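**Q** Got a structure here, written out as structure tokens. Questions coming.
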Amino acid sequence: MQDRSHCFIFGGRRGKRVKKRWRAGISVLLVLLFIPVSAVGIERYAFPEQKNIGGYELTLRGSDVLRYMVFIRAYEGALYLQEGKTAEQVLDDRTARLLLLHYFHAIRAEDFVDATTEMIRKNVSPDRFSALAPKIEQFNRLYRDVRPGDHYTAAYMPGTGTSLSLNDDLLGTVEGAEFAAAFFSIWLGERPIDKTFRDRLLGKRRP
């Protein structure tokens, strides 16, 4: 069975806050159930076919909408890779890549922090997580609140690191290929947020 507990904000905190978050999540769902999807007022994002980052020309590999509870659109994403790179090379340290996420709902920065930490923990060994902890914290400090219609861009450039931009405004960059692989594993790894979403980003499945 696929784990969809992180789909809506791609994450959450364990421990004492679980019950509180669960009650809050139920409240949100009860509200959204009575709002037509079109009422959000956000149309599908027109992803360009090409993206250029740091001299790397990247091509759209795949895109998809991530849904929560089947019918609620959380966000849509698109993956860009260098020509000639295979899906199996997507997390390699020599593969430039870019992930663009377009949001349909408002999400707080602290929720991104919780989600990033939890999903990286899920995708790497305990020792590797401990080694990456300082860079995870550094990256988490970059997050800002998002509103419907905003988009985050996460891009990895070999030899430079992983950058995060909000609506094309650069927020910062974290060095290291190992951190990049761990971060992008949230969507593209063995234990991603959603395997169908991952496969469609990689072009393995058609939307």
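The values are calculated or read from the model by the stated rules, or taken from the named source; none is laboratory data. None of these values were measured; they are calculated from a predicted model. As a convention, Cβ positions derive from the backbone with ideal geometry for all residues, glycine included, and neighbour counts pool all protein chains shown.
**Q** Consider the range 95-109. How many of its residues are at pLDDT 95 or above and farther than 17 Å from ASP194 by Cα?
**A** 5
**Q** A follow-up question, please. Which members of the range 147-189 meet the condition of being over 19 Å from ALA133 (Cα atoms), of a type outside the set (Phe, Trp, Tyr), outside any loop (DSSP other than H, G, I, E, B) and in contact (Cβ under 8 Å) with a residue 40 or more places away in the chain?
**A** HIS151, THR153, ALA155, MET157, LEU188
**Q** I've got another one for you. Out of (1) of a type in the set (Gly, Ala, Ser); (2) farther than 18 Å from ASP92 by Cα; (3) at pLDDT below 95, what's the single condition that is false for GLY159?
**A** With respect to (1) of a type in the set (Gly, Ala, Ser); (2) farther than 18 Å from ASP92 by Cα; (3) at pLDDT below 95, GLY159 is out only on (2).
**Q** Might you let me know whether the range 63-74 holds any residue that is of a type in the set (Asp, Glu) and in contact with a Phe, Trp or Tyr (Cβ under 6 Å, 6 or more places away or on another chain)?
**A** Of the residues in the range 63-74, the ones of a type in the set (Asp, Glu) are 64.
Now narrow it down to the ones that are in contact with a Phe, Trp or Tyr (Cβ under 6 Å, 6 or more places away or on another chain): 64.
Among the residues of the range 63-74, at least one is of a type in the set (Asp, Glu) and in contact with a Phe, Trp or Tyr (Cβ under 6 Å, 6 or more places away or on another chain), which makes the answer yes.
**Q** For the range 83-117, name all the residues that are crowded, with 18+ Cβ neighbours inside 10 Å and part of a helix (DSSP H, G or I).
**A** Answer for the range 83-117, where residues must be crowded, with 18+ Cβ neighbours inside 10 Å and part of a helix (DSSP H, G or I): ASP111, PHE112, VAL113, ASP114, ALA115, THR116, THR117.
**Q** How about the range 126-137: which of its residues are within 15 Å of LEU91 (Cβ to Cβ) and not charged (D, E, K, R)? Before you say what the answer is, go through the steps one by one.
**A** Just the residues of the range 126-137 that are within 15 Å of LEU91 (Cβ to Cβ), to begin with: 128, 132.
Once the filter is applied, which keeps residues that are within 15 Å of LEU91 (Cβ to Cβ) and not charged (D, E, K, R), the range 126-137 yields only LEU132.
**Q** Another question about this same structure. Tally up the residues in the range 70-82 that are surrounded by fewer than 20 Cβ atoms within 10 Å (Cβ to Cβ) and either touching a residue at least 60 places away in the same chain (Cβ under 8 Å) or touching a Cys at 6+ places or on another chain (Cβ under 7 Å) (or both), please.
**A** Our first condition is that a residue be surrounded by fewer than 20 Cβ atoms within 10 Å (Cβ to Cβ); within the range 70-82, this holds for 70-73, 82.
Okay, now just the ones that are also either touching a residue at least 60 places away in the same chain (Cβ under 8 Å) or touching a Cys at 6+ places or on another chain (Cβ under 7 Å) (or both), so 72.
The qualifying residues number 1.
**Q** Here's a follow-up. Out of curiosity, is GLY203 part of a loop (DSSP other than H, G, I, E, B), over 20 Å from TYR80 (Cβ atoms) and modelled with pLDDT under 95?
**A** Details: part of a loop (DSSP other than H, G, I, E, B): yes; over 20 Å from TYR80 (Cβ atoms): no; modelled with pLDDT under 95: yes.
No: the conditions fail for GLY203.
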